[in-house]
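Asker: This is the structure I have questions about; it appears just below.
Every number here is computed from the coordinates shown, using simple stated rules; none is lab data. Since the model is a prediction, treat every value here as computed from it, not as a measurement. Note: ideal-geometry Cβ built from the backbone for every residue, glycine included; neighbour counts use all protein chains shown.
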Amino acid sequence: MCGIIGYVGHNLCIPKIIHGLENLEYRGYDSAGIAYVLNNKTKIIKEKGKISNLKKLLDFDTTTNLGIAHTRWATHGEANKINAHPHSLGKFTIVHNGIIENYSKLKQELENNGYVFKSETDTEVACALLDEIYKQEKDILKALNKVTKIFRGSYAFGIICSDDPNAIYALRCTSPLIVANSPDGNFIASDVPAILKYTNKYILLDDFDIAKLTKDNIIIYDEFLHETKKKVNTFSGTFESAAKNGYEHFMLKEIHEQDKVFKDTINFYFDGTIESLKKNFSFLKKYNKIDIVACGSAYHTGLVGKSLIENYVNIPVNVEVASEYRYKRCFYDYNTLVILVSQSGETADTLAALRKAKNDGITTMAIVNVVGSSIAREADHVIYIKAGCEIAVATTKAYLAQLAIFSLLTIYLGYQNKTISENELNIILDDLKKMPKLINDTIKNNSYFDIADKIYKNKQIFFIGRGIDYAISMEGSLKLKEISYINSVAYQAGELKHGTISLITKNTPVIAIATDTKLIEKTISNIKETKARGAYVIYVSNEEPSEKFYDELIKIHKVHPILQSILTIVPLQLLAYKVAKNNGCDIDQPRNLAKSVTVE
Ligand code: F6R
């Protein structure tokens, strides 16, 4: 949530910072701002809206070689110019990701001590507190260290102090922050894409570390203010992987990458032999009760995972939204495994759920995309998906890769538990080999766009399904509403008639998903109930229907049920994409959303 970049080096900083900021815009786009040092004075320029608005106010030739910048997803106060970062009070200018939870109390105390605030943000309070403590300590590092004892919440700060105009300071707690050295100079950033043009080597700061960057040096201090050496990580993606490569939107590009992402994810853990699965997943064998905890789309993959594991491994799985899980009573036993699913690995609620389980002595396993992210580092076991850099706010390829992992875990555990026979295993593995091509074929079918052209003007669109198809409906519905702003709800097909069917009128689109052979007939009955009320039915199935009860048919390949959802989701992603496009929506950066949700 929100993007931070800072640069100090021998070159002009504004072009580098803006380039980096643009690669972070998916993290927040309510407003953007920059602070740079010119002739030892800090100048701040900020503007509401996207980075393009800020760029119009900047002179890229300004002879400054030090600056920090921010692209914001508003947490405290309206998304306007005053609340935009950087904020400055006294001697400190700050860009900030995260939330300082005790800022109201601190603000009152600081106001009593004479500080006057212009914005509604917690960040301006951070500037003032830092300034006040610095007046006492007369030492920037000590002041930074001391505020960490006072702030509650999460923060990643990029900081300029007017008493040390040749340095950028960085400090973090919970919100991620990296520092990187490159031949072009030194950087801080909230995420790797910001700096990838200059280097793929970076250091991830730990909580309460303080980094001091000058044009020739990066020094990192631990929480006791001792200089410390950190591991240098290498980002395995390329700068190109963070670019659109000719696609109109990142979302479309990422949908088209899904065959490769599937292949990369599966091949990383499975070389065609059960031994390879054993090697990677044998630690899972002893658990006979699973809680899957996640948010949004990752929660939806958990629902698919539950259906697969319960049906094919025969062990109970409880799936919970992380923001609820962390405050509820959990009925763990010695053999409970908690699985956290997160693309970013930084989602605050999922991280808190992980910590809760660990505090209770429960083994945790994370399914994560971003290498070295907080959830990946803190979980007892990590399974990385191989989705690469996902830029579009609406997840597609990471979601599909998470499904691939649940399929693989189900295959392994089912085979171990003998709930999947040798014979069935061979059928599944046969289909598994075909999947990349089938995913690709499903993406290439362009009939979905024609269907989208017929429904995009509707004010509401329903999704229905039963069992695993309901789980997929939920993801289809989320994809559609988050990028097209069309009201959409997913219902268990059998539940519709208990109230919601009253909303179905002539031509209301109902997207009905039916791939589970034993439930198809039942779902068809529910579809007919909506059809009888005038619904415009889009039927998504892997079986050719023998009668025509629908208006549009999306026929997908039939594969083993353990793999089926991976194909079913693809048309729904493309439908959502085209509906949003027809409505002129900002597909990669939908309003009010940000890619990684590091606030609770
Ligand atoms: C929807 C979407 C979100 C995320 C959710 C969790 O398209 O992307 O619902 O799935 O915010 O994010 P991660 O997976 O990073 O924990």
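Asker: Considering Cα pairs under 8 angstrom that are at least six residues apart, work out the relative contact order of region 362-485 and quote it in whole percent.
Answerer: 14
Asker: Given the pairs 41/138; 105/230; 244/555; 497/558, which are separated by over 31 angstrom at their Cα positions?
Answerer: The pairs that break the limit, which is 31 Å between Cα atoms, are 105/230.
Asker: State the Cα centre-to-centre distance between region 117-157 and region 390-434 in whole Å.
Answerer: Going from one Cα centre to the other spans 48 Å.
Asker: How large, in Å, is region 503-562 by the Kirkwood hydrodynamic radius built from its alpha-carbon pairs?
Answerer: Kirkwood hydrodynamic radius for region 503-562: 11.7 Å.
Asker: Can you put 12, 354 in order of Cβ neighbours within 10 angstrom, beginning with the fewest?
Answerer: Going from least to most buried by this count: 12, 354.
Asker: Same structure, new question: For the ranges 413-424, 14-25, what's the packing order if you count other beta-carbon atoms within 10 Å of each residue, average per peptide, and put the highest first?
Answerer: The densest-packed peptide leads the list: 14-25, 413-424.
Asker: Here is the link list: 142/231; 81/135; 457/479; 263/454; 43/253. Which ones come out longer than 27 Å on Cα distance?
Answerer: Listed pairs above 27 Å: 81/135; 263/454; 43/253.
Asker: By a straight-distance test (C-alpha under 19 Å), which lysines pair with residue 328 as possible cross-link partners, with residues fewer than eight away in the same chain excluded?
Answerer: Correct list for residue 328: 289, 356, 358.
Asker: Quick one, what does Rg over Rh come out to for region 1-43 if you take C-alpha atoms and the Kirkwood Rh?
Answerer: For region 1-43, the value is 1.00.
Asker: Rank these for me by crowding, 593, 496, 340, going from fewest to most other beta carbons within 10 Å.
Answerer: 593, 496, 340
Asker: Straight distance only, please: which aspartates and glutamates reach the Cα of residue 506 with their own Cα at less than 14 Å, same-chain residues fewer than 8 apart left out?
Answerer: 529, 551
Asker: Residue 101's amide H: which non-local residues (gap 5+, or another chain) put their own amide H closer than 5 Å, with H modeled 1.01 Å from N in plane and none for Pro or chain starts?
Answerer: 152, 153, 154
Asker: With r defined as the distance between the Cβ atoms of residue 150 and residue 440 and R0 fixed at 51 Å, what FRET efficiency is calculated, to the nearest 0.05?
Answerer: Here the calculated transfer efficiency is 0.40.
Asker: Highest mean first, what order results for 322-335, 112-125, 153-166 on Cβ atoms within 10 Å?
Answerer: 153-166, 112-125, 322-335
Asker: Would you order 64, 410 from fewest to most other beta-carbon atoms within 10 Å of each residue's own beta-carbon?
Answerer: Fewest-to-most Cβ neighbours within 10 Å comes out as 64, 410.
Asker: Sort largest first and round to whole Å: the equivalent ellipsoid semi-axes of region 227-328, each the square root of five times a Cα gyration tensor eigenvalue.
Answerer: Equivalent-ellipsoid dimensions as semi-axes: 29, 21, 20 Å.
Asker: Given labels modelled 7 Å from the Cα in the Cβ direction, how far is it in nm from residue 248 to residue 517?
Answerer: Using points 7 Å along Cα→Cβ, the separation is 3.9 nm.
Asker: Once Rh is set to the Kirkwood radius over Cα pairs, what Stokes-Einstein translational diffusion coefficient, in µm²/s, holds for the chain at a temperature of 25 °C and a viscosity of 0.890 mPa s?
Answerer: Calculated translational D: 97 µm²/s.
Asker: May I ask which residue of 123, 133, 15 lies farthest towards the positive end of the charge dipole of region 1-140, with charges of +1 (Lys, Arg) and -1 (Asp, Glu) on Cβ and the Cα centre as origin?
Answerer: Towards the positive end, the residue furthest out is 15.
Asker: Let me check I've understood the local charge: for residue 281, count other residues with C-beta under 14 angstrom from its C-beta, Lys and Arg +1, Asp and Glu -1. What total comes out?
Answerer: The answer is +1.
Asker: Can you give the helix-only mean residue ellipticity at 222 nm for the chain, where every DSSP H stretch with n ≥ 4 adds -39500 (n - 2.57) and the sum goes over all residues, rounded to the nearest 500 deg cm²/dmol?
Answerer: Per the formula, -11500 deg cm²/dmol.
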